[in-house]
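Heads up, the thing below is written out as structure tokens.
Laboratory data are not the source of any read-out in this text; all were calculated from the coordinates shown. The structure presented is a predicted model; accordingly, all values stated were derived computationally and were not measured. For neighbour counting, all protein chains shown are included, and Cβ atoms are generated from backbone atoms with ideal geometry for every residue, glycine included.
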Amino acid sequence: MALGLAAKKEIVAEISDVASKALSVAVAEYRGMEVGELTALRIKAREQGVYIRVIRNTLAKRALADSNFADIDSALVGPLIYGFSMEAPGGAARLFKDFSKTNSKLKVTALTIGSGLLGPEKLDAVASLPTRDEALARLLATFKAPVGKFVQTINEVPSKFARVLAAIKETK
């Protein structure tokens, strides 16, 4: 079904708005997937805070031209599904990676975090990026570690003294 000019402009405006708020974009080829499989992918995407959409590549190129993800336009070939990570930079990559484990027809073709086009070989690296909560937990653990070691070291002096006294008492 052919889209009218107004519908195309609406799609470009919607994708431009989503891209301006997104942290990263992952693009995957979905050739051969059935409707039920795509529905399952959409349900998982909704749960993980990833906006996914099947868009014509020409409309996607126009929508992403003025965004941080303009460098991905050279990889937009074939039937593609676009995943925009809204909450964590690795959200869409993690979604596509997990889903492709059970469905071999989904193949990631390109990724971008706004700093250049990444190929499908970088999928594992981008998918392993921590979420905001994980990053904050790691940061707090890093802050806490030196203090904990310092307290442990300070506490070791009286403990060692007590052990020495106990050893002397046992020998006498």
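Just to verify a result, which residue in the stretch 103-142, among those that are small (Gly, Ala, Ser) and either on the phi > 0 side of the Ramachandran plot or not in a helix (DSSP H, G or I) (or both), is farthest from the chain's Cα centre (by Cα)? Going through the qualifying residues, I end up with 104. Scanning the stretch 124-169 for residues that are loosely packed, with under 10 Cβ neighbours inside 10 Å and touching a residue at least 12 places away in the same chain (Cβ under 8 Å) gives no hits.
Table: residues versus (1) outside any helix (DSSP H, G or I); (2) surrounded by 15 or more Cβ atoms within 10 Å (Cβ to Cβ).
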site	(1), (2)
3	yes, no
12	no, yes
16	no, yes
19	no, yes
25	yes, yes
28	yes, yes
32	yes, no
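Note on the stretch 74-102: residues that are more than 17 Å from the chain's Cα centre (by Cα), surrounded by fewer than 18 Cβ atoms within 10 Å (Cβ to Cβ) and assigned to a helix (DSSP H, G or I) total 2. Considering every residue within the stretch 50-72, establish whether at least one is touching a residue at least 60 places away in the same chain (Cβ under 8 Å), of a type outside the set (Phe, Trp, Tyr) and crowded, with 17+ Cβ neighbours inside 10 Å. No, there is no match, as no residue in the stretch 50-72 is touching a residue at least 60 places away in the same chain (Cβ under 8 Å), of a type outside the set (Phe, Trp, Tyr) and crowded, with 17+ Cβ neighbours inside 10 Å.
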